[in-house]
Amino acid sequence: MVDVLIIGSGGAGLTSALFAKEAGASVLIVGKSYPTNSQTSMAQGGINASLANNEEDHVSLHIADTIKSAHGLCDEDMVRQMCADAPETIAWLERIGVPFSRIDNKGKGIDSIAQRQMGGASAKRACYAQDYTGLKILHTLYDTCLKENIDFLEEYYLLNLITFEGTVKGATFLELRSGEVKQINAKSVIIATGGYSSLYHGYTTNAYGSTGDGIASVLRAGGAVSDMEFIQFHPTSLKHSAILISESARGEGGYLLNCEGKRFIDELKPRDEVARAIFAQLQKDKEVFLDLRHLGEEKLMHLLPQEVALCKLHEHIDPATKLIPIKPVAHYSMGGIDVDYALEVNGIKGCFAVGECSNAKVHGANRLGGNSLLEITTFGKFVGENAYKHAVYASNKEADDSQLIQDKAHIANIYAQKNSINFYEKRDFLGKLFYEKVGIVRDNEQLGEALKEVIFIQVNASLMGIGDKSPTHNSNLIDYLEFSNALLLAPTIISSAIARDESRGAHYKLGFEKEDENLQKHIVLQWKKEA
């Protein structure tokens with residue numbers, strides 16, 4: 001039995017593992033893919049921290065910006081903890097080898113780290129490594145885990161948490177290589193499985209696998225979720241591929257232009273405002289472009305080499321000479337697993353959640369750009385230590401195999417299930433449905449229609465199966481399981497959006513365009529388990 005089982009091998013999971021191991025725990029990281037494939041690598045622009053090298057900034061300003069961006073739905077104590085710990089987090093990341101970009105002629109140490117301004121920030125606060133910040137952090141964390149001899153199991157797909165009398169005892173997984181369902185027993189569990197923006201399939205910057213697997217497992221196990229209606233739409237993805245163009249492009253001075261060549265919004269306003277402004281232009285049949293031409297090729301290649309490469313690869317244009325066609329798409333889920341101050345899941349003892357899958361109440365209605373990488377590292381440290389503390393006093397008695405038997409039967413049933421409806425077509429339909437009716441601008445009539453469509457798909461789920469019946473390396477089966485989790489979470493998002501008759505941050509509803517102080521509260525959902 002392992003002390004701390006970490007499910008998810010992105011930045012949040014890797015950071016958690018390092019600090020749990022340092023505290024004295026035996027640690028196992030389990031992921032459905034390989035660590036370097038994590039969504040963390042897509043966080044390009046930077047990681048926020050108020051450092052001494054910027055006299056215009058202060059921790060108090062970082063706190064104020066985060067609270068303002070959250071539109072009153074954050075826990076100020078959690079925000080203060082995250083922002084106050086940020087400088088030490090940057091110092092730790094530098095010590096383990098993250099190659100941050102530097103201020104010219106400033107030597108070494110965190111006071112020499114270069115910073116740029118992101119949307120909604122009152123100062124240049126985002127520490128960066130060109131426009132590869134998340135990737136550099138992820139690779140450094142992974143290298144450090146290998147140096148610390150932390151154990152990994154890759155290509156293990158999470159099926160369900162194992163609980164006994166409201167306490168987590170481990171989890172079940174489908175091993176992709178063998179096709180076997182396996183049980184891993186643990187004294188404490190950290191869920192770090194990422195968000196659910198891939199419900200907007202075809203209209204998201206996220207990888208296909210961001211389907212809320214960990215969040216769905218918590219719901220099934222009796223845990224709570226909250227704020228599921230808040231999905232952030234990134235203003236600038238490439239028009240034809242939905243590939244992310246980092247906010248750093250605007251932070252370095254990029255303009256937003258419509259097809260008439262007019263700037264129509266302050267590019268560094270919070271993401272919700274910028275995304276709605278672009279959406280309004282598109283609704284008027286006006287194309288929108290990101291203009292980086294005035295920055296010059298030399299500066300672009302120095303500060304934004306990845307953005308240049310993405311534009312050339314996916315849009316076949318050189319941003320040094322041509323406008324970049326863009327559109328806003330789903331990017332980040334602010335809601336997720338409801339946790340307490342220790343990041344322990346409300347409803348499941350000994351189970352913790354961190355990163356995008358977790359609602360630690362720091363992002364509220366609209367995440368401040370640059371705070372996602374900060375959250376996974378500052379709270380990764382915090383949750384790793386807390387999970388070990390729980391493990392010290394947890395029972396050594398292992399769980400029985402009842403969940404394992406149940407999940408083996410479930411997988412066998414999927415293989416035997418009819419395949420008269422192609423679930424891939426339904427996945428595409430669900431993505432388009434969400435983008436159009438649960439998207440940037442919402443209204444209750446369309447939300448109601450979307451809910452009916454989702455229920456109809458759920459009713460017909462027994463007619464959806466898999467065509468590939470091979471027992472090993474079955475990606476068709478994994479796609480089906482991911483779609484099942486997306487389908488489980490879809491009603492939680494729509495129901496929460498229907499219940500919130502106001503506009504707040506990323507949730508903007510026609511007919512209710514103002515914030516309602518009576519709705520300055522979290523919408524929490526939890527399945528009632530039968531006795």
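Derivation of every value follows stated rules applied to the coordinates shown; laboratory data play no part. Nothing here was measured: the structure is a model prediction, and the numbers come from that model. A quick note on method: Cβ atoms are made from the backbone with ideal geometry, for glycine too, and the neighbour counts reach across all protein chains shown.
The table below gives the values:
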quantity: For residue 259, residues with placed amide H under 5 Å, excluding near neighbours; calculated: 287
quantity: Peptides 186-198, 267-279 ordered by average Cβ neighbours within 10 Å, highest first; calculated: 186-198, 267-279
quantity: Residues with amide H under 5 Å from that of residue 169, placed H, sequence gap 5 or more; calculated: 162, 163, 164
quantity: Interchain or long-range residues, amide H under 5 Å from residue 153's placed H; calculated: 29, 30, 31
quantity: All-pairs alpha carbon distance profile, the chain, 20 Å steps from 0, percent; calculated: 23, 58, 19, 0
quantity: Where labels lie 7 Å past Cα in the beta-carbon direction, separation of residue 143 and residue 285 in nm; calculated: 5.4 nm
quantity: Average projected area [Cα convex hull, segment 298-354], square nanometres; calculated: 6.8 nm²
quantity: Using a Förster distance of 60 Å, the FRET efficiency for residue 395-residue 111 (Cβ separation, nearest 0.05); calculated: 0.80
quantity: Gain on full stretching of the segment that runs from residue 405 to residue 526 - 0.36 nm per residue minus C-alpha separation; calculated: 41.1 nm
quantity: Prolate/oblate/rounded call for segment 174-239, Cα gyration tensor, a/c under 1.5 rounded; calculated: oblate
quantity: Fully extended contour minus Cα-Cα distance, from residue 441 to residue 428, at 0.36 nm per residue; calculated: 2.7 nm
quantity: Cross-link partners of residue 21 among lysines (Cα-Cα below 27 Å; sequence separation of 8 or more within a chain); calculated: 32, 136, 147, 169, 182, 187, 349, 361, 381, 389, 397
quantity: Among 312-319, 242-249, 164-171, 485-492, the order from most to least packed when residues are scored by Cβ within 10 Å on average; calculated: 242-249, 485-492, 164-171, 312-319
quantity: Cα-derived Rg to Rh of segment 234-330, Kirkwood definition; calculated: 0.93
quantity: Inter-probe distance in nm under a simple model that places probes 7 Å from Cα toward Cβ, at residue 96 and residue 185; calculated: 3.0 nm
quantity: Segment residue 153-residue 58, length gained on full extension (0.36 nm per residue, minus Cα span); calculated: 30.1 nm
quantity: Percent of Cα pairs exceeding the 25 Å cut-off, where the set is segment 275-393; calculated: 49 percent
quantity: Dipole of the chain [Lys/Arg +1, Asp/Glu -1 at C-beta], most positive-end residue of 121, 409, 441; calculated: 409
quantity: Paramagnetic label zone (point 7 Å from Cα along Cα-to-C-beta, residue 264; backbone N under 15 Å) in segment 414-455; calculated: 441
quantity: Pairwise Lys count, segment 234-330 - Cα closer than 20 Å, eight or more residues apart or different chains; calculated: 18
quantity: Cα-centred dipole magnitude for segment 234-330, charges only on beta-carbon of K, R (+1) and D, E (-1), debye, nearest 20; calculated: 240 debye
quantity: Inter-site label distance for residue 349 and residue 517 at 7 Å from Cα along Cβ, in nm; calculated: 4.0 nm
quantity: Förster radius 25 Å - calculated FRET efficiency between residue 385 and residue 68, Cβ distance, rounded to 0.05; calculated: 0.25
quantity: For peptides 115-122, 422-429, 357-364, sequence by mean Cβ density within 10 Å, most packed first; calculated: 357-364, 115-122, 422-429
quantity: Under Karplus coefficients 6.51, -1.76 and 1.60, residue-wise ³J(HN,Hα) of segment 124-138 in Hz, glycine/proline x; calculated: 6, 10, 8, 6, 9, 10, 6, 10, 10, 4, x, 4, 5, 5, 4
quantity: In order through segment 384-393: 3J(HN,Hα) via Karplus (6.51 cos²θ - 1.76 cosθ + 1.60), integer Hz, x for Gly, Pro; calculated: x, 5, 5, 5, 5, 4, 5, 4, 4, 9
quantity: Residues 62, 71, 240 arranged by fewest to most Cβ contacts within 10 Å; calculated: 240, 71, 62
quantity: In Hz, Karplus ³J(HN,Hα) per residue of segment 403-408 (6.51, -1.76, 1.60; θ = phi - 60°; x = Gly, Pro); calculated: 5, 4, 4, 4, 6, 4
